[in-house]
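Undergrad: Structure incoming, see below.
The values are calculated or read from the model by the stated rules, or taken from the named source; none is laboratory data. Just so you know, these numbers come straight off a predicted model, no measurement behind them. Using ideal geometry, Cβ is built from the backbone for each residue, glycine included, and neighbour counts are taken over all protein chains shown.
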Amino acid sequence: MDIQLDHCVIHVSDWEQSNAFYRDVLGAELVSIGSGWSYRFGQTQLNCHGPGVDGKPVARVRVMPGGSDLCFVWSGSIDEAISHLQRHNVAIELGPVARFGARGHGTSIYFRDPDGSLMEFISYDAV
């Protein structure tokens, strides 16, 4: 059996701010879906609940804006990730710190999206 994550759902409060952040900072492809958006990263997608979107079905307890915790693999060094966030004026909350992710040992930095959800870049380079 080969099971892979296809998508998960986040909640955003402001489409314009969120779209700019996920496109410019995280490199997402913006996909217009009805009155809302999804953010695509290769073969994985973040579906978004936000203004004007009434998704069905939903989790028993709906995720609120700022209620997500997501980790993205950074393909370069963690120093490059830090420089990238600095260029986009995104404050680093924690790191670099050693972490263990899906590919083993890595180095991570933590920051927040416009709604306050916790974001993580993990780099597996030179670990």
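Undergrad: For a quick check of your reading of the model, give me the residue pairs whose first member lies in the stretch 1-13 and is under 10 Å from residue 50 (Cβ atoms), whose second is surrounded by fewer than 12 Cβ atoms within 10 Å (Cβ to Cβ) and at pLDDT below 95, with beta-carbon atoms closer than 6 Å and at least 6 apart or on different chains.
TA: none
Undergrad: I would also like to ask the following. Answer yes if at least one residue in the stretch 9-19 is of a type in the set (D, E, K, R), part of a helix (DSSP H, G or I) and surrounded by fewer than 12 Cβ atoms within 10 Å (Cβ to Cβ), and no otherwise. Working first, answer last.
TA: Of the stretch 9-19, the ones of a type in the set (D, E, K, R) are 14, 16.
Remaining after also requiring part of a helix (DSSP H, G or I): 16.
Subsequent filtering for residues that are surrounded by fewer than 12 Cβ atoms within 10 Å (Cβ to Cβ) retains 16.
Yes - at least one qualifying residue is present in the stretch 9-19.
Undergrad: Which pairs turn up if I take residues in the stretch 62-83 that are of a type in the set (Gly, Ala, Ser) and look for partners that are surrounded by fewer than 16 Cβ atoms within 10 Å (Cβ to Cβ) and assigned to a loop (DSSP other than H, G, I, E, B) with beta carbon separation below 9 Å, at least 6 apart in sequence or on another chain?
TA: Note: pairs meeting the criteria are 66/13; 66/116; 67/116; 75/125; 76/125; 77/125; 77/126.
Undergrad: I've got another one for you. Would you check if residue 108 is over 16 Å from residue 9 (Cα atoms), at pLDDT 95 or above, touching a Lys or Arg at 6+ places or on another chain (Cβ under 8 Å) and surrounded by 11 or more Cβ atoms within 10 Å (Cβ to Cβ)?
TA: Details: over 16 Å from residue 9 (Cα atoms): yes; at pLDDT 95 or above: yes; touching a Lys or Arg at 6+ places or on another chain (Cβ under 8 Å): yes; surrounded by 11 or more Cβ atoms within 10 Å (Cβ to Cβ): yes.
When the stated conditions are applied, residue 108 passes them.
Undergrad: Continuing with the same structure: Count, please, the residues in the stretch 74-95 that happen to be over 10 Å from residue 123 (Cα atoms) and surrounded by 11 or more Cβ atoms within 10 Å (Cβ to Cβ).
TA: Here the count works out to 11.
Undergrad: Across the stretch 106-127, what is the total count of residues that are touching a strand residue (DSSP E or B) at 6+ places or on another chain (Cβ under 7 Å) and either closer than 15 Å to residue 77 by Cβ or assigned to a strand (DSSP E or B) (or both)? Talk me through it step by step, then tell me what you get.
TA: Taking the stretch 106-127 first, the residues touching a strand residue (DSSP E or B) at 6+ places or on another chain (Cβ under 7 Å) are 106-113, 117-124, 127.
Then keep just the ones that are either closer than 15 Å to residue 77 by Cβ or assigned to a strand (DSSP E or B) (or both); that gives 106-112, 118-124, 127.
Residues flagged as touching a strand residue (DSSP E or B) at 6+ places or on another chain (Cβ under 7 Å) and either closer than 15 Å to residue 77 by Cβ or assigned to a strand (DSSP E or B) (or both) within the stretch 106-127 amount to 15.
Undergrad: Another question, if that's okay. Which of the residues spanning the stretch 20-48 are under 18 Å from residue 81 (Cβ atoms), in a loop (DSSP other than H, G, I, E, B) and out of contact with any Lys or Arg (no Cβ under 7 Å at 6 or more places or on another chain)?
TA: If the condition is that a residue be under 18 Å from residue 81 (Cβ atoms), in a loop (DSSP other than H, G, I, E, B) and out of contact with any Lys or Arg (no Cβ under 7 Å at 6 or more places or on another chain), then 25, 26, 27, 42 are the ones that fit.
Undergrad: While we're here: Got a number for residues in the stretch 86-113 being of a type outside the set (Ser, Thr, Tyr) and in contact with a Gly (Cβ under 9 Å, 6 or more places away or on another chain)?
TA: Initial filter on the stretch 86-113 (of a type outside the set (Ser, Thr, Tyr)): 86-106, 109, 111-113.
Subset that is in contact with a Gly (Cβ under 9 Å, 6 or more places away or on another chain): 98-100, 109, 111-113.
Number satisfying all stated conditions: 7.
Undergrad: Another one. So for the stretch 81-92 (the condition being over 12 Å from residue 11 (Cα atoms) and touching a Ser or Thr at 6+ places or on another chain (Cβ under 7 Å)), does at least one residue qualify?
TA: Taking the stretch 81-92 as the starting set, the residues that turn out to be over 12 Å from residue 11 (Cα atoms) are 81-92.
Filter once more, so that each one left must be touching a Ser or Thr at 6+ places or on another chain (Cβ under 7 Å): 81.
There is at least one residue in the stretch 81-92 that is over 12 Å from residue 11 (Cα atoms) and touching a Ser or Thr at 6+ places or on another chain (Cβ under 7 Å).
Undergrad: Which one of 51, 114, 65 is of a type outside the set (Gly, Ala, Ser), under 16 Å from the mean Cα position of the chain (by Cα), closer than 22 Å to residue 7 by Cα and modelled with pLDDT under 95?
TA: Working: 51 fails: under 16 Å from the mean Cα position of the chain (by Cα); 114 fails: modelled with pLDDT under 95.
Within the list 51, 114, 65, the selection yields 65.
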